[in-house]
Every structure is written in structure tokens, then in C-alpha cells.
Amino acid sequence: MILFFNEPEFLPSLDFFHRIFQSDMWVVIDHVPFKPRTPLNRVRIRTSAGAQAIIVPVVHPTPNMPIYRICIDNLPRWKQTLLDAITKTYGKSPYYDEYIDDFRSYILGPTVLLATLNLQTTLWLSGLMGNNLSWIHTREHDCSLPRNRIVDAVCQRLHAEPLEPSLSDSLEEDDIEEDLSVIDALFHVGASATAKILHQEYKS
């Protein structure tokens, strides 16, 4: 069994899903301290002016508060800002109408915890691309262990191996940038073609 260890990112990149596709299970690292303005609560999308980062605001965490306890600050207008940017950028894309309603329901939903939102949207995206993702949480194991030691502990417990880091070749698709959120590919070419890209274009 191959395990992919990673924090729950918000609308992750193609590279994130490439690693998901290479693995048998995602070990969601959510017991470690939250770091703001990282992929945990930041997504990069395409705009007419280039890539734009949109932040999911969170309720000010206490020092060393673990990821799984971080709450979204739903008072700012970040949800509408994100949806407006998505519509402006991808509104005329071939697959916008196919996915936007479900996407909007996740973003506008009553989710309180950041890790829950990130997990729900990642599972939705993975399912669209034909991957019925299995996962476990590190918070369910020994939360006193640092990130590097939890990898060894979980692998030993499940008799598994961690996915080794790999570099990916550049994509040949003109309309897709690999460091943007996977939704960039999703709206442009659809879920099936995005899955094909992840299987064929990326080289380990």
C-alpha cells in the first residue's frame, strides 16, 4: 500500500491530485500547527491579469493550534469574491456550466471548519475525475508526534510505504497551468480529460 501524506489544501493543484492518483490512500495531516496564507487557506486561480491568490479568512488561531481546529471566518465577503473571480475567468469555458452549481454549493455551504471544507471539496474533485479517494486523519493517531515521525508511525501501523516526492514535467496543454488550482483544468477541459492529463502528462 502506498500512502500520500499531505495537509488538507484548499482546491489543490494538479500536482496534488497527481500524487493522489499515484497512491492507495491519502493520510490527511491535520494534527500539526496551522500556517496561514499557505495552500491550506489560499488558492491560485487564473484571471485576465494573471494568477491571483484568494485567501479563505480564518478566525484568529491561538499559537500552535492544529489544522483540524481552525474555523473559517465567514463574515468577510471572500466567498462572493471567489465566485465572482471564477465566473469572470471561466464563465465562458466549455465546462463551466457543468460544474459551477456543485462548486457554488460547496463554497456557499455552512461549513465551519477549514479542514472540513478542504476535505469535502478535494473528495468532490477527486470523484469527478474517477478516483474514489480513501483517507484517514493523523489526528486519529498519536497527535504528539511531529510531521516527520507521524509518517513513520502510520506506515508502520498500516504496513505501508510513503509516496516518494517527485518532480513533474511541464504540461503541453496551452490553456492549463500546473501550479494553479485543478479547477483551472476542470473548467477548461473537463474531469475526464483532466484525469487523463494526470495519468499521462505527468512523469514521475
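The values are calculated or read from the model by the stated rules, or taken from the named source; none is laboratory data. Treat the numbers as computed from the prediction; the structure is a model and nothing was measured. Glycine gets a Cβ as well: all are built from the backbone with ideal geometry, and neighbour counts include every protein chain shown. To get the accessible areas, we keep the full protein, side chains included, count just its heavy atoms, and leave off ligands, DNA and RNA. Shrake-Rupley method; radii C 1.70, N 1.55, O 1.52, S 1.80 Å.
Points worth noting:
- Within the stretch 27-83, considering residues that are within 27 Å of Phe4 (Cα to Cα) and among the hydroxyl-bearing types (Ser, Thr, Tyr), the one least open to solvent (accessible area, probe 1.4 Å): Thr38
- Scanning the stretch 124-136 for residues that are under 14 Å from the mean Cα position of the chain (by Cα) and free of Cβ contacts under 8 Å to residues at least 12 places away in the same chain yields a single hit, Gly127.
- In the stretch 84-102, the qualifying residues are those that are touching a residue at least 12 places away in the same chain (Cβ under 8 Å) and outside any helix (DSSP H, G or I), and the one that is least open to solvent (accessible area, probe 1.4 Å) is Ser93.
- Val112, sole failed condition from (1) open to solvent by 40 Å² or more (accessible area, probe 1.4 Å); (2) among the β-branched types (Val, Ile, Thr); (3) without any contact (Cβ under 8 Å) to a residue 40 or more places away in the chain: (3)
- Tally of residues being within 18 Å of Ile107 (Cα to Cα) and among the small types (Gly, Ala, Ser) across the stretch 10-65: 2
- Taking each residue of the stretch 47-68 that is more than 17 Å from Leu117 (Cβ to Cβ) and looking for partners that are hydroxyl-bearing (Ser, Thr, Tyr) with beta-carbon atoms closer than 8 Å, six or more apart or interchain, yields Thr47/Thr89; Ser48/Thr89.
- Residue count, the stretch 140-163 (criterion: hydrophobic (A, V, I, L, M, F, W, C) and under 13 Å from Asp24 (Cα atoms)): 4
- When restricted to residues that are out of contact with any Gly (no Cβ under 9 Å at 6 or more places or on another chain), of a type in the set (S, T, N, Q) and assigned to a helix (DSSP H, G or I), the stretch 103-158 contains 9.
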